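The values are calculated or read from the model by the stated rules, or taken from the named source; none is laboratory data. Every value quoted in this text rests on a predicted model; they were computed, and no experiment measured them. All Cβ positions, glycine included, derive from the backbone under ideal geometry; neighbour counts span all protein chains shown. Heads up: the accessible areas ignore ligands, DNA and RNA and are worked out on the full protein's heavy atoms, side chains in. Shrake-Rupley method; radii C 1.70, N 1.55, O 1.52, S 1.80 Å.
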Amino acid sequence: MNINTSIFIDPATKETLIFKSSEFQSVSGNIFYLKNGIPDFIFPKVLEKQDKEAKEFYEGRAQQYDDTLHLTFHTNSEDEEKTRNSFIDKLNINESSKVLEIACGTGRDSMLIAKRLSGSGELHLQDISEDMISICLKKMKTVPIKKSFCLSNACYLPYPDKYFDATYSFGAMGEFS
């Protein structure tokens with residue numbers, strides 16, 4: 001991560017988290033660990049049925065998903081990049097905006113959002129699937145903007161209120177409990 005880890009809060013208590021070596025700890029004693037270099041804030045530990053099913057569905061399928069998703073647009077005679085950019089346009093972001101992408105998946109929109117940010121802009125990427133966000137992280141590795149990644153449940157986000165200028169999610173809202 002190339003952004004201050006102090007942005008994250010405890011998704012259960014909303015308390016500030018202190019980052020020490022490889023873990024985040026709240027005042028209440030909740031501890032969250034890094035999982036393959038990505039903060040794991042998934043809460044609750046036992047997910048609701050719908051959230052658990054969504055997580056399990058995407059684990060092990062992320063590369064196949066990324067390789068074939070363009071076919072959805074092709075089948076509907078849509079240009080994927082043009083369509084995605086038309087949605088991102090509605091965010092009205094500028095190069096210094098702070099953007100949260102919920103359920104970033106493999107980063108197809110993340111790359112387009114990142115092109116619009118620079119300077120003091122920030123892009124925070126969240127997903128419940130480690131496989132999905134790992135692909136996104138690889139794609140975004142050389143993108144020269146401030147960014148953070150985390151595993152979390154979209155119903156319990158590890159971010160403070162009123163921090164972001166825009167929040168974006170493409171197609172994932174039906175997956176959340």
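Below are the figures for this structure:
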item	result
Charge sum, other residues only, whose C-beta stays under 15 Å from PRO160's C-beta, Lys/Arg counted +1 and Asp/Glu -1	-2
Volume of the Cα convex hull of the range 76-133, divided per residue and given in Å³	84
Cα-based radius of gyration of the chain once divided by 2.2 N^0.38 Å, which approximates compact folds	1.01
Segment SER96-THR83, length gained on full extension (0.36 nm per residue, minus Cα span)	2.3 nm
Approximate spin-label separation LEU71-LYS35, in nm, with each point projected 7 Å along Cα-to-Cβ	2.8
MRE, 222 nm, helices only [DSSP H, n ≥ 4, -39500 (n - 2.57), over the chain, to nearest 500]	-8000 deg cm²/dmol
Under 9 Å, Cβ to Cβ, from ALA103 - net charge with Lys/Arg +1 and Asp/Glu -1	-3
About the Cα centre, charge dipole magnitude for the chain (Lys/Arg +1, Asp/Glu -1 at Cβ), debye	460
Percentage relative contact order, the chain, counting C-alpha pairs under 8 Å, at least six apart	28
Principal axis dimensions, largest first and in whole angstrom, of the range 88-177 by Cα	34, 28, 22
Furthest towards positive pole of dipole, SER177, ALA114, SER86, structure part the range 48-177, Cβ charges	ALA114
Highest to lowest packing among 128-141, 37-50, scored as the average C-beta count within 10 Å	128-141, 37-50
Angle in degrees between helix 80-89 and the longest Cα principal axis of the chain, rounded to the nearest 10	60
Apportionment of accessible area to carbon and sulfur, the range 127-177, percent (1.4 Å)	53
